[in-house]
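Beneath this line is the structure, given in structure tokens, with notes to follow.
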Amino acid sequence: MSTTTTHRTTAEEGARDSTAPLTHRRRRTDPLYYLFLFPSLTLFSLAVTLPAVLGFGYSFTNSIGFGDWEFIGLRNYIAMFRDQGILGSYAFTLGFALVTVILVNVLAFALALGLTSRIRFTTALRTIYVIPMVISGIVIAFVFQYLFANTVPGIGASIGSDALSTSILASPDWAWLSIVIVTAWQSIPATMLIYIAGLVTIPGDVYEAGSIDGATGWQSLRHITLPLVSGFIVINTILGFKNYLNAYDIIVGLTDGGPGVATRSVAMAIFRGFEGGDYAYQMANAMVFFLISIALALLQLRVTRGRTAF
């Protein structure tokens, strides 16, 4: 009995000894990985991290982007929150992002429902609908700028409509609507594809069980489809809102921030400030905008954690 116990103990100790080096080797990182990581990390630090740190430092100065400068503390930040132009750009950007994300998600979800139903030419329609996604935003903006400034007013004049005979781009009250339309036209395909990916994961048995229980089409949509794709809805909403906050190229091509500053986004205000010599002032604006973006990214991680949308 003692001999058996001794052999068993010796075998267990030998097994532990044999697995210890293997475990140690598994936890050790091959230096070759650091060799491949170093170039990317260096380029990222030089192109992103270092400029961000320098910009944060300049936001506490009166620098115009070159030459001498002086440390002025929080004056740029205090002045920024009193600047009606900057506050107006934040109001426009937030309002534009909110309206656009609602419009894009509603239309994209409706198209996804149609393209996952039993209709003909589904593949061809999917191909057509994703075309706007692969076209440059500035190109799309210039095309629609011509349509809004020339084609639509011409049609309005020919049919005797006073509302359509004037370009929407010239109206301080309605120019934002053109930006929403063009942004939605470009953004809907990507959002639609995500919804299609979510809809095809829903088992058909679920809908069959609902139909057996007497569920109508609206009831199936409300009680089956929407709850099962809720993760995709949340992700599309947060990602879309965060992307629309950075709106720039479509606005430049359509209205260039006008009429006046009616459609000037935060990103445009920052870049125009750099061109006008307000480097440190707009750098403070960029830092605040960066913190807002970080807050949205953290919100996205918190909301989407544990969801199985992807």
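Once the C-beta distance of residue 295 and residue 46 is scaled by a Förster radius of 35 Å, the resulting FRET efficiency is 0.85 to the nearest 0.05.
Specify, per residue and in Å³, the volume enclosed by the convex hull of the alpha carbon atoms belonging to segment 53-108.
On the way: hull volume 6.5 nm³, N = 56.
Given the Cα convex hull of segment 53-108, per-residue volume reads 116 Å³.
Of 229, 206, how do they rank once you tally other Cβ atoms within 10 Å and put the fewest first?
Values: 229 21, 206 13.
The fewest-first ordering by Cβ neighbours comes to 206, 229.
Of interest is the spacing of the C-alpha centroids, which for segment 248-273 and segment 97-111 amounts to 22 Å. Put a dot 7 Å past the Cα of residue 119, heading toward its Cβ, do the same for residue 220, and the two dots end up 1.6 nm apart. If only the Cβ of Lys and Arg carry +1 and only the Cβ of Asp and Glu carry -1, the dipole of segment 216-303 around its Cα centre is close to 400 debye. Altogether, the Stokes-Einstein calculation at 10 °C and 1.306 mPa s, with the Kirkwood radius of the chain over Cα pairs as Rh, returns a diffusion coefficient of 65 µm²/s. Dipole size of segment 54-151 about its Cα centre, with +1 on Lys/Arg Cβ and -1 on Asp/Glu Cβ: approximately 640 debye, rounded to the nearest 20.
Contact order, relative form, for the chain: 27 percent (alpha carbon pairs under 8 Å, 6 or more residues apart, mean separation divided by residue count).
Fewest to most neighbouring Cβ within 10 Å: what's the order for 266, 106? Could the numbers behind the result be given before it?
Values: 266 24, 106 12.
Result, fewest neighbours first: 106, 266.
Considering only 196, 258, 181, the residue lying farthest towards the positive end of the dipole of the chain is 196, judged by Cα position with unit charges set on Cβ.
Sorted from fewest to most neighbouring beta carbons within 10 Å, what does the list 40, 187, 63 look like? Don't skip to the answer; put the middle values down first.
Working: 40 9, 187 25, 63 21.
If I rank by nearby Cβ atoms, fewest first, I get 40, 63, 187.
According to the square roots a ≥ b ≥ c of the eigenvalues of the Cα gyration tensor, what is the shape class of segment 19-114, taking rounded for a/c under 1.5, prolate for a/b larger than b/c otherwise, and oblate for the remainder? Because a/c hits 1.5 or more and a/b fails to exceed b/c, segment 19-114 counts as oblate. For residue 61, the residues whose modelled amide H falls within less than 5 Å of its own, excluding neighbours fewer than 5 places apart on the same chain, are 72.
Radius of gyration (Cα atoms) of segment 205-310, expressed as a multiple of 2.2 N^0.38 Å: 1.63.
Work out the charge dipole of segment 83-304 with +1 on the Cβ of Lys and Arg and -1 on the Cβ of Asp and Glu about the Cα centre, then indicate which of 221, 93, 300 is farthest towards its positive end. Working it through, the farthest residue towards the positive pole turns out to be 221. Axis angle, to the nearest 10 degrees, between helix 84-115 and the longest C-alpha principal axis of the chain: 70 degrees.
Read-outs: derived from the displayed coordinates by stated rules, not from any lab. Quick caveat, the model's predicted, so the values are computed rather than measured. For neighbour counting, all protein chains shown are included, and Cβ atoms are generated from backbone atoms with ideal geometry for every residue, glycine included.
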